[in-house]
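Scroll down for the structure; my scribbles are underneath it.
The values are calculated or read from the model by the stated rules, or taken from the named source; none is laboratory data. Remember, it's a predicted structure, so these values are computed and weren't measured experimentally. Because the Cβ atoms are built from the backbone with ideal geometry, glycine has one as well, and the counts that use them run over all protein chains shown. When the accessible area is computed, the model is the full protein with side chains, heavy atoms only, and any ligands, DNA or RNA have been set aside. Shrake-Rupley method; radii C 1.70, N 1.55, O 1.52, S 1.80 Å.
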Amino acid sequence: MKNGAEPSRGAGGGWTRRRFVGALAGAAAITTVPAPAAPRADRAAPTPLPKTPPAGPASSASPSAPSSPAPPSGPRPLFLGTYTSGDGAGKGIGLATYDAATGAVTGGGVVTGVDNPSFLAVHPDGRTLYAVDEQTSGAVTAVRFPGNEVIGTRSTGGAGPCHLSVHPSGRWLLSANYASGSVAVHPVDASGALGERTDLVTHASPPPGPGQQGPHAHQFITSPDGGHLLAVDLGTDTVYTYRLDETRGTLTEVSRALTKPGAGPRHLTFHPGGRYAYLANEVDNTVTVCGYEPATGRLTVGEPRSTGTGSGTSYPAQLLVTSNGSYAFLANRGHNSLTRYAIEADGARLRLLDTVPVGGDFPRHIAFSPDGRLLFAANQRSSTVSVFQVDDGSGELRLLGAPFASPVAVCALPL
């Protein structure tokens, strides 16, 4: 479905292009830019709280692997996003734990009462989990630790929310509505609960790109400096930059960055230095290096380059960057691999090193453990989660044991 067609089938789990691609998709380049001027919860097996706070929301804008002198001891929480409608669906947010030394994953129940929780994020204080409800009447849900209690759901004002992140202040939740091409802001109170939406912006221009029928907001994050919000829209081939009024929770657009027509930008990941970011383009199977100006929020998109996956059908999903800024990893759906890049020139250049089999089918989401030693890949079509050890010096990946079975695994969030 690289032509962008969007089959749908009613509320509560319609077959958007995102799900259709996931169900049916088949089986040394260098890129540089110049330096930029009340539901129920199953508490039978509660997930333990982390012994240290998880990475803050900067990990939403720049999901880089933190470094740590030694892996933490004892089981660590792992939350799993899924779809609750369709063949082989899950029943809610999956609960598991993992061993930080071996990567072994152990199942631990499910939080029910959340429809299609396909993407997850955690509050900076580590006490509240947030999930999208990816359905026609889109919503976001808050789950409080410990006990995994659902404490409320709020409408996003759009259809098919597919991404969310928490502002660094911890006071605002940002979400992207894929099907309706809009971004929303919700206030977060001191308890972690969500208030009514304070703003909703639909990407009405530029016109949709080749093969697209409308805007498709795919990601909404905060820049590393905290001064701007960036919304990646696959349908309009655009990354929008906003300022957030932190008193009222309203958005003001300040800049737009256009990709190549038909690129289909999906996810943006920042380099730890904060002056460059890397864009995964889903539709044309490319990546680009972007320059970023913290003072203005302006993003400059570089030339698209190959992902190293060859001529077969493949859809880039997401990039991760190590906390030392030396390596980047790209998840490739269809090719079913992780592309490994060396990052050079202080972030301005990606050098393709190799591709590594992901050990599953259709890696939809990847995430580092808080100490950066492990990489988790949620494989949608094989309903598994693969765990890799990340070599801090070389960036080499080593698959740790057999993948963990999880229904329609589309997000893995280790704390």
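Considering every residue within the stretch 341-355, establish whether at least one is closer than 24 Å to ALA96 by Cα and either more than 18 Å from the chain's Cα centre (by Cα) or modelled with pLDDT of 95 or more (or both).
Within the stretch 341-355, the first condition is being closer than 24 Å to ALA96 by Cα, and the residues that meet it are none.
Looking through the stretch 341-355, none of the residues is closer than 24 Å to ALA96 by Cα and either more than 18 Å from the chain's Cα centre (by Cα) or modelled with pLDDT of 95 or more (or both).
Yes/no per residue for (1) in contact with an Asp or Glu (Cβ under 6 Å, 6 or more places away or on another chain); (2) closer than 20 Å to GLY157 by Cα:
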| site | (1), (2) |
| --- | --- |
| PRO208 | no, no |
| GLN213 | no, yes |
| PHE220 | no, yes |
| LEU230 | no, yes |
| ARG266 | yes, no |
| ASN281 | no, no |
| VAL289 | no, no |
| GLY297 | no, no |
| THR309 | no, no |
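For SER60, indicate whether it is modelled with pLDDT under 90, not β-branched (Val, Ile, Thr) and not in a loop (DSSP other than H, G, I, E, B). Step through it out loud before you land on a result.
Working: modelled with pLDDT under 90: yes; not β-branched (Val, Ile, Thr): yes; not in a loop (DSSP other than H, G, I, E, B): yes.
Taking the combined requirement at face value, the residue satisfies it.
Please go through the stretch 141-157 and pick out each residue that is under 12 Å from VAL183 (Cα atoms) and open to solvent by less than 10 Å² (accessible area, probe 1.4 Å).
Passing the criteria: only THR156.
Would you mention how many residues in the stretch 356-374 are within 19 Å of the chain's Cα centre (by Cα), within 22 Å of TYR315 (Cβ to Cβ), crowded, with 20+ Cβ neighbours inside 10 Å and not hydrophobic (A, V, I, L, M, F, W, C)?
4
Just give me the residues in the stretch 238-262 being assigned to a strand (DSSP E or B) and open to solvent by 10 Å² or more (accessible area, probe 1.4 Å), in sequence order.
Residues satisfying the conditions are ARG243, LEU244, ASP245, THR250, LEU251, THR252, GLU253, VAL254, SER255, ARG256, LEU258.
Across the stretch 201-237, what is the total count of residues that are aliphatic (A, V, I, L, M) and open to solvent by 10 Å² or more (accessible area, probe 1.4 Å)? If you could, list the steps in order and put the result at the bottom.
First, the residues of the stretch 201-237 that are aliphatic (A, V, I, L, M): 201, 204, 217, 221, 229-232, 234.
Checking the rest, the ones that are also open to solvent by 10 Å² or more (accessible area, probe 1.4 Å) come to 201, 204.
Residues meeting the conditions: 2.
Output the residues belonging to the stretch 66-89 that are modelled with pLDDT under 95 and open to solvent by less than 30 Å² (accessible area, probe 1.4 Å).
Answer for the stretch 66-89, where residues must be modelled with pLDDT under 95 and open to solvent by less than 30 Å² (accessible area, probe 1.4 Å): just SER85.
Looking only at the stretch 109-138, how many residues end up being assigned to a loop (DSSP other than H, G, I, E, B), open to solvent by less than 20 Å² (accessible area, probe 1.4 Å) and among the hydroxyl-bearing types (Ser, Thr, Tyr)?
So the count comes out to 1.
Taking the stretch 139-161 only, how many residues are part of a loop (DSSP other than H, G, I, E, B) and at positive phi?
Narrowing the stretch 139-161 to residues part of a loop (DSSP other than H, G, I, E, B): 145-148, 156-160.
Still in the running and at positive phi: 147-148, 157, 160.
Qualifying residue count for the region: 4.
Please specify each residue of the stretch 375-385 satisfying the condition of being within 19 Å of VAL321 (Cβ to Cβ) and either more than 14 Å from the chain's Cα centre (by Cα) or among the acidic types (Asp, Glu) (or both).
So the first thing to find is which residues in the stretch 375-385 are within 19 Å of VAL321 (Cβ to Cβ), and the list is 375-378.
Once the filter is applied, which keeps residues that are within 19 Å of VAL321 (Cβ to Cβ) and either more than 14 Å from the chain's Cα centre (by Cα) or among the acidic types (Asp, Glu) (or both), the stretch 375-385 yields nothing.
For the stretch 380-401, enumerate the residues that are among the hydroxyl-bearing types (Ser, Thr, Tyr) and under 26 Å from SER85 (Cα atoms). First the steps, then the outcome.
Here is the first cut: in the stretch 380-401, the ones among the hydroxyl-bearing types (Ser, Thr, Tyr) are 382-384, 386, 394.
Passing the criteria: SER382, SER383, THR384, SER386.
Counting residues that are more than 22 Å from LEU244 (Cβ to Cβ) and either open to solvent by 30 Å² or more (accessible area, probe 1.4 Å) or not basic (Lys, Arg) (or both), which strands (runs of 3 or more DSSP E) fully inside the stretch 263-353 reach at least 1?
Filter on the stretch 263-353 gives 276-281, 286-293, 298-301, 315-322, 327-333, 337-344.
Taking the condition of being assigned to a strand (DSSP E or B), open to solvent by less than 40 Å² (accessible area, probe 1.4 Å) and of a type outside the set (D, E, K, R), how many residues in the stretch 174-200 meet it?
Filtering the stretch 174-200 for residues assigned to a strand (DSSP E or B) gives 174-177, 182-188, 194, 199-200.
From what's left, open to solvent by less than 40 Å² (accessible area, probe 1.4 Å): 174-177, 182-188, 194, 199.
If we keep only those that are of a type outside the set (D, E, K, R) too, we end up with 174-177, 182-188, 194.
Of the residues in that region, 12 qualify.
Go over the candidates SER369, SER337 one by one and state the one that is touching a strand residue (DSSP E or B) at 6+ places or on another chain (Cβ under 7 Å) and within 23 Å of PHE79 (Cβ to Cβ). Outline the logic, then answer.
Details: SER337 fails: within 23 Å of PHE79 (Cβ to Cβ).
After ruling out the rest, the residue left standing is SER369.
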